[in-house]
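What follows is a single structure, written as structure tokens, with notes after it.
The values are calculated or read from the model by the stated rules, or taken from the named source; none is laboratory data. Everything numeric here is computed off the predicted structure, so don't read it as measured data. Here the Cβ positions follow ideal geometry from the backbone for every residue, glycine too, while neighbour counts run over all protein chains shown.
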Amino acid sequence: MHKPLIIGNWKMHKVVAEAVEFARQLAASVTPVADRDVAIAPPFTALHALSAVLKDTVIALCAQDVHWEEEGAFTGEVSARMLLDAGCRYVLIGHSERRRWFSESNEDVNRKAKAALKAGLLPVVCVGETLDEREADQTFSVIRRQLKEGLNNIAANDIRRTIVAYEPVWAIGTGKTAIPEQAEEIHDFIRQFIARIHGTDIAAEISILYGGSVNPDNAAYLMAQKDIGGLLVGGASLDPGSLRKIIHY
Ligand code: PEP
């Protein structure tokens, strides 16, 4: 099993100077976290500057998206090699905001995950149901499909390096958190899905993060669940004090 992984997703927040100031404060306050893996996911524009600030700290960098091609005429896009070059270790793929506002499909997610793995980045593949889907009793079928198509044809050795984040869409940025047992049910389902394809040993190794209105008060309850291996934190990661508390849950 991996160490618990905490990723702060800044979304479209912070210019470079703000990001650098934040990273300095955070790095100074969370140095002794040998039992945790920590990353922040700033906007693309701040990645390079942060890689200098975070060098020799325990905090890694995560990008918020990646394109599936290695290079070419794809205006506005950023490749996995560029992200590695900018200092990233992780990349978020298929965040629900990408799916909702930029029409990302499970097939796009699959191509992006493969490109990230090929380049040596660790993909954080996000899945989760909307409120309508949950109320229509479609949670399991939606997540099964996101996993089946999103992780399609990824070899066992690469699945080992893949992180899955369960983020119920109704819990993102809404202040509504899935109750820990509700989240655990889906995490267990995700692990069983991977076990059916790749075997229980590989499934046991996978980190499955929870995301959706995580804050300093609920982090420990969520992390107490057997299959929750880390947290993907949006709003509460924008303040160094609250992110520090979550890291030290
Ligand atoms: C996210 O952006 O992945 C997220 C979970 O956001 P929040 O913590 O604000 O709900």
R81 versus (1) within 16 Å of the chain's Cα centre (by Cα); (2) of a type in the set (K, R); (3) more than 16 Å from the ligand (Cβ to nearest atom): which is the lone unmet condition? (1)
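Restricting to region 122-159, and then to whatever is within 13 Å of the ligand (Cβ to nearest atom) and not in a loop (DSSP other than H, G, I, E, B), can you tell me which residue is nearest to I190 (Cα to Cα)?
V127
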From the list D132, D137, D188, which one is surrounded by fewer than 17 Cβ atoms within 10 Å (Cβ to Cβ) and within 18 Å of the chain's Cα centre (by Cα)? D188
For region 1-35, the count of residues that are surrounded by 17 or more Cβ atoms within 10 Å (Cβ to Cβ) and more than 13 Å from the ligand (Cβ to nearest atom) equals 11
Modelled with pLDDT of 95 or more, within 16 Å of the ligand (Cβ to nearest atom), in contact with a helix residue (DSSP H, G or I) (Cβ under 8 Å, 6 or more places away or on another chain) and in a loop (DSSP other than H, G, I, E, B) - does that describe any residue in region 160-167? yes
Whichever residue in region 226-249 is surrounded by 18 or more Cβ atoms within 10 Å (Cβ to Cβ) and part of a loop (DSSP other than H, G, I, E, B) and, among such residues, is nearest to the ligand (Cβ to nearest atom): G234
For the condition within 20 Å of G229 (Cα to Cα), more than 16 Å from the ligand (Cβ to nearest atom) and either hydroxyl-bearing (S, T, Y) or not in a loop (DSSP other than H, G, I, E, B) (or both), what is the one hit in A195, A116? A195
Residues in region 206-227 that are in contact (Cβ under 8 Å) with a residue 24 or more places away in the chain and either farther than 11 Å from A183 by Cα or out of contact with any strand residue (DSSP E or B) (no Cβ under 9 Å at 6 or more places or on another chain) (or both) total 12
